[in-house]
Every structure is written in structure tokens, then in C-alpha cells.
Amino acid sequence: MPEAIAKLSFWGVRGSTPTVDRAMWRYGGNTPCLELETPSGARFILDCGTGLRTLGKHWSANRGGRETNAHIFLTHYHWDHIQGIPFFSPLYAAENRFHFYSFRSPSLGPDSLKRVFEAQMAIPYFPVDLSAMSASREFTEVDGGERFEVGGARVTTRWLNHPQGCLGFRFETPVGTVVYATDNEPGDPKLDKSLRELAQGADIFVNDAQFTPPQLAMARKGWGHSSWLEGVRIAQEVGVRNLVLFHHDPDSSDRAVDEILREARGQFESVWAATEGMVLTLGKRKFGVVIPTVREGLRREASFRAHVSGFTGDGLAFEENTVIRNLSLHGAMIYLDHSPKLQSELHVMIESTAGPGQGNVPMRLRAYVVRIEPGPEKDQTAVGIVFTE
Ligand SMILES: [Zn+2]
Ligand SMILES: [Zn+2]
């Protein structure tokens, strides 16, 4: 019998607003949405940011017409946590059933989440009427400090420090504990203590890491968010096994998140930066992290000699020689005597070998001219190209 596991998948990791910037594609631009599958097979959705749309597509493609039954936990009503709802296709199929858990907002009153649904789909904000949402929907109001059982997991809620309120959730399953605490600013002693109780001994602790420690101390103080350093402190204080930095700032490029992760790993070994597509698995004796590679973009078999140096999972430095075998190609800058037309197609042949001992097999590529500039030498043109085929 296969080992029972809990599986946590990240469908949206960006805070505040979705981003489509190329400098942020590696970590991803969709706003918060996580999927937790418990060992008993129950499905939970944590927050309904724009990542929810992709999750809906995935479910529709893989469930083969079977009905979907899921529990949806909403931390709060800010745009980035609800914006995916109207675009979640399983909500438009009558055979599906969803149970929502969220708090009563003082501004919205009773049935807060129902009112959010109505407001999001009101004319003229959305073209489809709420009556088209035919899936059965049940709403449960929860408060901070509650404990209840759902789908084979024990759920605990706690208030976090965020404008207009936000709930943190702890999910205890038979194989381990996941704590989801996004949108929280440290500095309120009572709530800081409460968050530590929520995160106590968690196997996976997903925490708001939107700002850098200097930003949090100065320009972004009072904005309702946290930093990697706070996450590391909590993880160390309450014996968290794995910390996940989450809710990346919409202005943080992939390189900026890389740097945040590097700094965090300098102080706590088991830290991961939330990435769209990342899947964490928890078993009784094991923990796993995978980021399934999306084979998007252009790839070619190649054979270039390379020297690689880095660190192993145990922190040991290594270096070795290798061969680059499968190259992903985005673009290049080439210098030409001719000046091609901007937004025209070029055919480019790059000399390479197909593999060791297989002789010269040139790489034939089609490219598209995206930039024309004066070259480094007189009468030369610098041509920016993007490979298309
Ligand atoms: Zn947020
Ligand atoms: Zn928020």
C-alpha cells in the first residue's frame, strides 16, 4: 500500500497584485492560492487569488467529469486573495460542491463572503450573472481561536496583524502539520505570540515574506506584511521544520527573491521560496519538494563543454566538468554587417555537435528581430533576436 501523504501545491505566490513581468516569471505572478490534499483524500483550497483560475483548469482537465468536492479557506477579503473566484471554472458546474470558511468582516456584516461573491459579479464588474454559478456552495463563518475537524484534518484559526483583519490557519493531518500565515505584520506582542502558538512545531510553515527587513523597518512599516527574517525567527523559536517564504512583493524580481532566499538560508537551513507549480509532500518519515519543470520555451539538443561549481544539499562546495546537453533558448544579441528589418524573421544556424561522438550537427533556428542598434564597429548593426522555432 502506498504511504499516506499530505500534498501542498502552490498555484499563486505573488502578493498584492498579479504581475506579468518577464523578470518575475520564474517564481510566478499569480496571487495567493494553495491546494492541500490530506492523506484521507480531502481537498482544501487556501485563498482564492488569481492562481485559483489555473487550479480550476487543472482540476477540470484531470478529474474526467467526476464531481469536485472541496473546502475553501479564505484568510481575508483583500483583492489579491479573492480575485480568482469568478474565474474558477468548477464553480459553474452543478455537480460540484464547495464549502467556504471565512470570517465576518465588520464592514460587510453577516454572510461576508456571500456578499463578496455578489459584489464581485455585480453589473458592470463582471459579464456573467451570479446565478450561472451553479455549484453548491456552503458558507461557514469562523473566528480567530477556533478549532474544528474537516476532511481528516484538525483546523485551528488565529488572527493575524493586518489591516481589516486576516486569519492564519493550522492544518494538523495524521502525517504532519501545515501552517498558512500570510498577510501579517510583526510588532503586536499579543498577535506575535499567537502566531508562534499557531506555528508551533509545524512541518511546513508558509509565512508572509513580502518585504526585506530594512523595508519593514522603515518605508513599509504599517503596511501589514512581514519579512524573511521574522519567518526565520519564528521558525527557530517554535521548532518549525520547513519555512516557505510567501506573498512575494509585486516589485520583487526573481533575482530579488533569490537574494531574499539566500539571506534566509544563511540563518535557517530549511527555507524555500514559494514558486508557482511547487509541490511539497509530507509523509510520516519524509518531506519532499519538487518544482515540476514546465517544458515551455524552445529547447534544443546541444553539446557544449561547461564547468560547474556550487553547493550540495549538505552544504559541501563542489566543482566539476560536464556537457550541456539540452539547452533552452530565448534570444541573443548578434552583430551583422546588414541591417534586418525590425519585427522580421531571420534564419539562424548555430554550429554545435548533437552529442559526444555524433559529429557536427548545426542547430537551425528561426528568430524574430526585436531590437536594432548601432553595433560596436562602424557599419555594423547590433540585432536583438528572440528564437521562435
Ligand atoms: Zn495579500
Ligand atoms: Zn491583505
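The values are calculated or read from the model by the stated rules, or taken from the named source; none is laboratory data. These numbers come from a predicted model, not from an experiment. Ideal geometry is used to build each Cβ from the backbone, glycine not excepted, and the neighbour counts take in all protein chains shown. Each accessible area value is taken on the protein alone, full model and side chains, heavy atoms only, with ligands, DNA and RNA left out. Shrake-Rupley method; radii C 1.70, N 1.55, O 1.52, S 1.80 Å.
Which residue is nearest to ligand 1 (Cβ to nearest atom), if the candidates are limited to segment 57-80 and must be in a helix (DSSP H, G or I) and surrounded by fewer than 23 Cβ atoms within 10 Å (Cβ to Cβ)? Filtering first and then ranking leaves Trp79. Of all the residues in segment 101-159, those that are among the hydroxyl-bearing types (Ser, Thr, Tyr) and either on the phi > 0 side of the Ramachandran plot or in a loop (DSSP other than H, G, I, E, B) (or both) number 4.
Of everything in segment 240-260, what is surrounded by fewer than 18 Cβ atoms within 10 Å (Cβ to Cβ) and within 19 Å of Gly315 (Cβ to Cβ)? Give them in sequence order. Within segment 240-260, Arg241, Asp258, Glu259 meet the criteria. Within segment 144-158, can one find any residue that is aliphatic (A, V, I, L, M) and touching a helix residue (DSSP H, G or I) at 6+ places or on another chain (Cβ under 8 Å)? Scanning segment 144-158, I find no residue that is aliphatic (A, V, I, L, M) and touching a helix residue (DSSP H, G or I) at 6+ places or on another chain (Cβ under 8 Å), so the answer is no.
How many of the residues in segment 179-203 are open to solvent by less than 10 Å² (accessible area, probe 1.4 Å), away from ligand 2 (no atom under 16 Å from the Cβ) and under 23 Å from Gly222 (Cα atoms)? Residues meeting the conditions: 2.
Matching residues to (1) touching a helix residue (DSSP H, G or I) at 6+ places or on another chain (Cβ under 6 Å); (2) within 30 Å of Thr173 (Cα to Cα); (3) in a loop (DSSP other than H, G, I, E, B); (4) in the same structural domain as Gly266 (by TED's automatic domain parsing):
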| position | (1), (2), (3), (4) |
| --- | --- |
| Gly310 | no, no, no, no |
| Asp314 | no, yes, yes, no |
| Thr322 | no, no, no, no |
| Met333 | no, no, no, no |
| Gln343 | no, no, yes, no |
| Arg366 | no, no, no, no |
| Ile372 | no, no, no, no |
| Asp379 | no, no, yes, no |
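Taking segment 93-117, which residues are open to solvent by 10 Å² or more (accessible area, probe 1.4 Å), away from ligand 1 (no atom under 16 Å from the Cβ) and within 21 Å of Pro32 (Cα to Cα)? The answer is His99, Tyr101, Arg104, Lys114, Arg115. Got a number for residues in segment 175-229 being farther than 26 Å from Ala153 by Cβ and part of a helix (DSSP H, G or I)? Summing the residues that are farther than 26 Å from Ala153 by Cβ and part of a helix (DSSP H, G or I) in segment 175-229 gives 9. The residues on offer are Arg63, Arg97, and the sole one that is assigned by TED's automatic domain parsing to the domain that holds Gly165, more than 17 Å from the chain's Cα centre (by Cα) and at pLDDT below 95 is Arg63. State all residues of segment 160-172 that are surrounded by fewer than 23 Cβ atoms within 10 Å (Cβ to Cβ) and in a strand (DSSP E or B); if no residue qualifies, say none. Once the filter is applied, which keeps residues that are surrounded by fewer than 23 Cβ atoms within 10 Å (Cβ to Cβ) and in a strand (DSSP E or B), segment 160-172 yields Arg170, Glu172.
The conditions of being among the acidic types (Asp, Glu) and modelled with pLDDT of 95 or more are met by Asp47.
Scanning segment 204-220 for residues that are away from ligand 2 (no atom under 16 Å from the Cβ) and either open to solvent by less than 20 Å² (accessible area, probe 1.4 Å) or among the basic types (Lys, Arg) (or both) yields Ile204, Phe205. Within segment 366-386, restricting attention to residues that are open to solvent by 10 Å² or more (accessible area, probe 1.4 Å) and of a type in the set (A, V, I, L, M, F, W, C), the residue that is farthest from Leu346 (Cα to Cα) is Ile372. May I ask you to list the residues in segment 1-42 that are β-branched (Val, Ile, Thr) and more than 8 Å from the chain's Cα centre (by Cα)? Once the filter is applied, which keeps residues that are β-branched (Val, Ile, Thr) and more than 8 Å from the chain's Cα centre (by Cα), segment 1-42 yields Ile5, Thr17, Thr19, Val20, Thr38. The set of residues in segment 81-92 that are touching a Gly at 6+ places or on another chain (Cβ under 8 Å), within 16 Å of ligand 1 (Cβ to nearest atom) and not in a loop (DSSP other than H, G, I, E, B) comprises His81, Ile82.
Note on segment 81-92: residues that are of a type outside the set (Val, Ile, Thr), within 16 Å of ligand 2 (Cβ to nearest atom) and open to solvent by less than 10 Å² (accessible area, probe 1.4 Å) total 2. Look at (1) open to solvent by less than 50 Å² (accessible area, probe 1.4 Å); (2) among the β-branched types (Val, Ile, Thr); (3) farther than 23 Å from Asp192 by Cα and you find that Thr157 fails only one, number (3).
In segment 16-56, the qualifying residues are those that are of a type in the set (Gly, Ala, Ser) and closer than 26 Å to Gly297 by Cβ, and the one that is most open to solvent (accessible area, probe 1.4 Å) is Ala23. Within segment 222-239, the set of residues being open to solvent by 10 Å² or more (accessible area, probe 1.4 Å), without any contact (Cβ under 8 Å) to a residue 40 or more places away in the chain and more than 16 Å from ligand 2 (Cβ to nearest atom) comprises Leu229, Arg233, Gln236, Gly239.
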